[in-house]
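J.: Got a structure here, written out as structure tokens. Questions coming.
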Amino acid sequence: MNAIVNSPRPAARVAPHPTHVLKMLVKREMWESWSQFIRAPLVAGAVFLLFTIIGGGAGQMAFLRHTSGEIEINGQRMQLSQVNWTELLSKASPSDMAQFHDVVNLATVFSGVWPLLVFGVVVFFYLLGSLSDDRRDRSILFWKSLPVSDTAMVLSKLVTALVVAPLLALAAALVVMLGSGLIVTVLLAINHANPFTLYWAQLDPLTILAGLVAWLPGYILWALPTAGWLMLCSAWARNKPLLWAILVPCIAGLLVSWFDLLRIFNLESSWFWNNVVGRLLTSAWPGSNIASTIDAHVGGTPNLHLDLPTVLGIVAPRALYTSPSLWIGAVAGIAMIIAAIRLRRWNVEG
């Protein structure tokens, strides 16, 4: 008698969810570019902190050399170690305290600018080489042999550049702010002042953190034109995408200016440079929206008092989301990203 053995059927393979594929591709991008997005902002912040320490030390020596540790308060000179800062602050007027409060917070916020500025350079060149580097080293042939769509590959690079990398840059900025606060703490303690009364009690960390987080959605939408243009050039240009990315809009701007082509629309040539050339090349730079939104936020207010909410409102204004320039640029950026996906599918060297 022959026994019939029913062997179990192999389980059917389930295709991975698109979000899982995108997550793995973003991890791959970070593995390859972590030094750009993590190390570069931190190095910029470390350089800033180093110069802060050097400047603070030089200022401390100059202060002791020229004043012998004495300061003048209400017309009376006294040693810095004898000043009762708690009593002095309690006698200060509300306007003086508000001004002192703003100086502490704004100095802290501006100390975190340097990692963001370096991030602007890093993300520009990352987007520019995002689709050309894998053609140059022929790794695109490997990725096309896998069940990974061109859409997923392009979106993973876009998410890395406009979501993950800015979050890392904000984290680096917060680290630099903390480091600058510690330097101020040491300098105040050396001069026999209470750093908790003069610095930490005046700081609004939650307001600063909320302002930085509120900046991110507006940055993503504002940066789409530059991201789309650079990825389009990266997908199309077989070599030297940097030249194509810069020369094409600049030559178009020169032609518009020379022949005054916008006069038929009653527009100046500067409009083209600001809203086309500028948006294509500089929108991914953190804070590039300030020039176009500061008038709407400030409203021509004379003698504007720059406090923390005002500065954070200029950096991440609510009026930005009602700006036609934001949404028109975002639509144009999405269109160029779609074109880059199509070009990546067709433009394979070799």
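Nothing in this text is a laboratory measurement; each read-out follows from the coordinates by a stated rule. These numbers were taken from a predicted model, which means no experiment stands behind them. Positions of Cβ are backbone-derived with ideal geometry, glycine not excepted, and every protein chain shown enters the neighbour counts.
J.: Mind checking the full-extension length gain between Ile290 and Leu206? Use 0.36 nm per residue of separation minus the Cα-Cα distance, one decimal, nm. Mind dumping the intermediate values first?
T.: Working: separation 84, 0.36 × 84 = 30.24 nm, distance 2.24 nm.
Using 0.36 nm per residue and subtracting the Cα-Cα distance, I get 28.0 nm.
J.: I would also like to ask the following. For Ile246 and Lys91, what does the FRET efficiency come to when R0 = 41 Å and r is the distance between their Cβ atoms, rounded to the nearest 0.05? Present the calculation step by step, with values, prior to reporting the outcome.
T.: Details: r = 58 Å, r/R0 = 1.41.
Efficiency, rounded to the nearest 0.05: 0.10.
J.: May I pose another question? Grab the beta carbon distance between Ile264 and Val163, set R0 = 51 Å, and tell me the FRET efficiency rounded to 0.05. Intermediate values should be presented prior to the final figure.
T.: On the way: r = 40 Å, r/R0 = 0.79.
Approximately 0.80, to the nearest 0.05.
J.: Apply the Karplus curve 6.51 cos²θ - 1.76 cosθ + 1.60, θ = phi - 60°, to the phi angles in segment 22-35 and return the couplings in whole Hz, x for Gly and Pro.
T.: 4, 4, 5, 5, 5, 4, 4, 4, 5, 4, 7, 10, 4, 5
J.: Would you mind computing, in nm to one decimal, how far apart the modelled labels at Ala58 and Ile338 are, each placed 7 Å from Cα along Cα→Cβ?
T.: Those two pseudo-labels are separated by 5.5 nm.
J.: Okay, next question. Gain in length, Ala319 to Ala171, computed as 0.36 nm per residue apart minus the alpha-carbon separation, to one decimal in nm? Don't skip to the answer; put the middle values down first.
T.: Working: separation 148, 0.36 × 148 = 53.28 nm, distance 2.57 nm.
The Ala319-Ala171 span can extend by a further 50.7 nm.
J.: I've got another one for you. Going by a ≥ b ≥ c, the root eigenvalues of the Cα gyration tensor, does segment 89-346 fall in the rounded group (a/c under 1.5), the prolate group (a/b larger than b/c) or the oblate group?
T.: On the way: a/c = 2.89, a/b = 1.63, b/c = 1.77.
The shape class here is oblate.
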